[in-house]
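Below is one structure, written out as structure tokens; comments come after it.
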Amino acid sequence: MDMAKQQARESLILRLAWMLFFFIAWHLGEMLLGLVVLLQLGYRLFYGAPSANLLSFGDSLSQFMAHIGRFMTFNTDEKPWPVADWPTAAAPQGEPAHVVPPAAHPARDEEPKL
């Protein structure tokens, strides 16, 4: 076997190892995305609007899952997180998120200390 074929074979074996890793990550991501969906639904029912934090995490997790799909189907050679950066969430396009106002600072004790 010539050197180019040997390198291509080794490259494919290494890619297969990465694919097995991302296959497991895909299934964990599916469960996590399902949990985010349920939490967001509960939050929406309770507060009347979705959680901004869950919106952001759900979007970046969805992008991560899409990146895994593109890598696994040979549409890209770029490996997803943890090799690459975690995807940045896009601005939500649905209903506005529930905003929790910042907590007020506790009253200061102005009494002099002895």
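Quick one: among GLY42, GLY58, GLY94, which has the greatest mean-square fluctuation in a GNM of the chain with alpha-carbon springs under 10 angstrom?
Result: GLY94 has the largest fluctuation of those listed.
Cut-off 10 angstrom, C-alpha nodes, Gaussian network model of the chain. Which of SER60, SER11, SER51 fluctuates the most?
SER11
Pop the C-beta distance of ALA89 and TRP18 into the FRET formula with R0 = 41 Å and round what comes out to the nearest 0.05.
0.95
Find which of TRP26, ALA52, HIS98 sits farthest along the positive direction of the dipole of the chain, computed with +1 on the beta-carbon of Lys and Arg, -1 on that of Asp and Glu, about the Cα centre.
Checking the options against the dipole of the chain, the answer is TRP26.
Of the residues PRO50, PRO80, PRO92, which exhibits the maximal mean-square fluctuation in a Gaussian network model of the chain defined by a 10 Å Cα contact cut-off?
Taking springs between Cα atoms under 10 Å, the residue moving most is PRO92.
All of the numbers you see were taken from the coordinates with simple rules; none came from a lab. Nothing here was measured: the structure is a model prediction, and the numbers come from that model. Methodologically, a virtual Cβ is constructed for each residue, glycine included, from the backbone with ideal geometry; neighbour enumeration extends over all protein chains shown.
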